[in-house]
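First up is the structure itself, then whatever we jot down about it.
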Amino acid sequence: MDSSKKNNWKTLSIKEVYENPWIKLDEHQVINPSGGNGIYGKVHFKNKAIGIIPMDENNNTWIVGQYRYTLDQWSWEIPEGGGPLDIDTLASAQRELKEETGLVATHWTEIATAYLSNSVSDEIGYVFLAEGLMEGPSNLEETEADLIVKKLPFEKVLQMVENGEITDSLSVIGILKLARLKRF
């Protein structure tokens, strides 16, 4: 990343448009890099996006399926959720994995970091590989009542990304990165 580049945007004003416990939407009046007046909407996320790829010794992994209200469709994904900005990212990943799948892992590796939609939001996502797995009961949140958990060979999950069956950005980033790291 070239940090020597200067910011050619000028912020004239910021107005809060909406806020809830998860996001805040601001409207920015700006002067853009070519000198023209403009408007910019910025969504601030109050949590980090966290995804986990659990992998057992036979290269099986777990994915979850759920109805995504914002898309009005079903979505297959790696286990994921939000982690408060002031809480350790790994601790949030461990909580999410247990919550959605019942799995507990003894070995954790952060494999990816990404801004998920940097043209309109500051949401940052982290993906962890979780290994040394032990199964137990899950602890689903109220919004996850329809969650389905599948255990599949990692190669099948990689195919699901390649075939467009998995389209969630954090899942795609993590699965493709792990496929490269593990040379699948």
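Look at (1) outside any helix (DSSP H, G or I); (2) more than 17 Å from the chain's Cα centre (by Cα); (3) closer than 24 Å to residue 102 by Cβ and you find that residue 184 fails only one, number (3).
Among the residues of the range 117-140, those that are crowded, with 17+ Cβ neighbours inside 10 Å and either at pLDDT 95 or above or in contact with a Pro (Cβ under 8 Å, 6 or more places away or on another chain) (or both) comprise 123, 124, 125, 126, 127, 128, 129, 130, 133. Within the range 66-110, restricting attention to residues that are surrounded by 15 or more Cβ atoms within 10 Å (Cβ to Cβ) and among the small types (Gly, Ala, Ser), which residue is farthest from residue 136 (Cα to Cα)? Only one residue fits best here, namely 75.
For the range 1-57, give me each residue that is of a type in the set (D, E, K, R) and surrounded by 14 or more Cβ atoms within 10 Å (Cβ to Cβ). Walk me through it before giving the result.
Of all residues in the range 1-57, those of a type in the set (D, E, K, R) come to 2, 5-6, 10, 15-16, 19, 24, 26-27, 42, 46, 48, 56-57.
Scanning the range 1-57 gives 24, 26, 27, 42, 46, 48, 56.
Checking the condition assigned by TED's automatic domain parsing to the domain that holds residue 61, at negative phi and in contact with a Lys or Arg (Cβ under 6 Å, 6 or more places away or on another chain), which residue from 166, 111, 148 passes? None of the others qualify; the one that does is 111.
Scanning the range 129-176 for residues that are touching a residue at least 40 places away in the same chain (Cβ under 8 Å), of a type in the set (D, E, K, R) and assigned to a loop (DSSP other than H, G, I, E, B) gives 141, 146, 165, 168.
Return the only residue of 50, 39 being touching a residue at least 60 places away in the same chain (Cβ under 8 Å) and hydrophobic (A, V, I, L, M, F, W, C). Every option except 50 fails the conditions.
Being of a type outside the set (D, E, K, R), within 22 Å of the chain's Cα centre (by Cα) and either closer than 25 Å to residue 171 by Cβ or assigned by TED's automatic domain parsing to the domain that holds residue 148 (or both) is a condition met by at least one residue of the range 1-9.
Quick check, is residue 39 of a type in the set (A, V, I, L, M, F, W, C), under 22 Å from residue 124 (Cβ atoms) and touching an Asp or Glu at 6+ places or on another chain (Cβ under 9 Å)? Walk me through it before giving the result.
Working: of a type in the set (A, V, I, L, M, F, W, C): yes; under 22 Å from residue 124 (Cβ atoms): no; touching an Asp or Glu at 6+ places or on another chain (Cβ under 9 Å): yes.
In short, no.
The values are calculated or read from the model by the stated rules, or taken from the named source; none is laboratory data. Small disclaimer: the values here were computed from a predicted structure and weren't measured. Cβ: placed from backbone, ideal geometry, glycine included. Neighbour counts: every protein chain shown.
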